[in-house]
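The values are calculated or read from the model by the stated rules, or taken from the named source; none is laboratory data. Since this is a predicted model, take the numbers as computed values, not measurements. Because the Cβ atoms are built from the backbone with ideal geometry, glycine has one as well, and the counts that use them run over all protein chains shown. Areas reflect the complete protein model, heavy atoms only, side chains present, ligands, DNA and RNA absent. Shrake-Rupley method; radii C 1.70, N 1.55, O 1.52, S 1.80 Å.
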Amino acid sequence: MDAAGQSLIDRIWAAIEAKDWKTALSLLQDGISVMPDSLYLFQLYADILIDELQDMEAGCLMLRKFVRLAIEKDSKDWLLGAMHQLFDSSHDYSRFPFGERLSMGKALSEHMLTLCQWENAHSRAEYYQAMAYFFHEVGNNIVAVELFEMTVTLVKGLPIQDEVKRLARLQKTLAEYKCHEAVRAELLC
């Protein structure tokens, strides 16, 4: 990043720390127009609209643009970033139109599934994990469990030591999803 870009980021963070949301959003809009390939700026913009300002209307418009760009860019980082933005449990989407999230998540998942077939095991594991969160969120826990099982299998096969911690987290989430599915099946009986 050049000096001008870093200066802009510094000013954005100064506005965020001061909770001057109007200035932060204005600077983010400027930043996105100057650096349209900055995933970080898109994520930060969405975070402020949805988490801080709880402006679901503007947040929805922003997320639609984010998802469209992620698909157009055909970039793993953008696709995963958009999916995490929509389905990461750290965001409060209780007031966000569920149908909108479902539609955006479905479009991202379909695109990710198409890309997965050409990716290495590590990338496929990342895609499957992101899609599992989506399917769990929309109530299709059977598919979420299957995706997590595939993720765990892929991660187990990776020679990277850092994956040991990731594997433990994945197995914990998989166990939670399986338990959730068992309780749901029991209730239906």
Toy charge model, Lys and Arg Cβ at +1, Asp and Glu Cβ at -1: segment 4-145 dipole around Cα centroid in debye, rounded to 20, equals 280 debye
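What shape does segment 1-68 take by its C-alpha gyration tensor, where a ≥ b ≥ c are the square roots of the eigenvalues and a/c under 1.5 counts as rounded, a/b above b/c as prolate, and the rest as oblate? Show your work: numbers first, answer last.
Details: a/c = 2.50, a/b = 1.24, b/c = 2.02.
Since a/c reaches 1.5 but b/c is at least a/b, the shape of segment 1-68 is classed as oblate.
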Rounded to the nearest 10 degrees, the helix 98-116 long axis (Cα) sits at an angle to the longest Cα principal axis of the chain of 70 degrees
Taking a straight Cα-to-Cα line shorter than 28 Å from K178, and setting aside same-chain lysines fewer than 8 residues away, one finds K76, K106, K156, K165
For the chain the mean separation of alpha carbon contacts under 8 Å (6+ apart) over residue count, i.e. relative contact order in percent, is 13 percent
Env charge @ V138, Cβ radius under 11 Å, K,R +1 / D,E -1, value +1
To the nearest Å², the heavy-atom accessible area per residue of the chain with 1.4 Å probe amounts to 55 Å²
Cβ-Cβ cut-off under 14 Å around L49, Lys and Arg +1, Asp and Glu -1: the net charge is -3
Mean Cβ-within-10 Å packing, highest first, puts peptides 110-121, 132-143 in the order 132-143, 110-121
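Quick check: at a probe of 1.4 Å, how many percent of the accessible area of the chain sits on carbon and sulfur atoms? It would help to have the intermediate numbers written out before the result.
Details: 5650 of 10410 Å².
That fraction is 54 percent.
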So, with points 7 Å from each Cα along the Cβ direction, the V34-S90 label distance in nm works out to 2.6 nm
Descending packing, highest mean Cβ count within 10 Å first, for 65-73, 30-38 is 65-73, 30-38
Note on segment 88-129: alpha-carbon gyration tensor, axes a ≥ b ≥ c; rule is a/c under 1.5 for rounded, else prolate if a/b larger than b/c, else oblate; result oblate
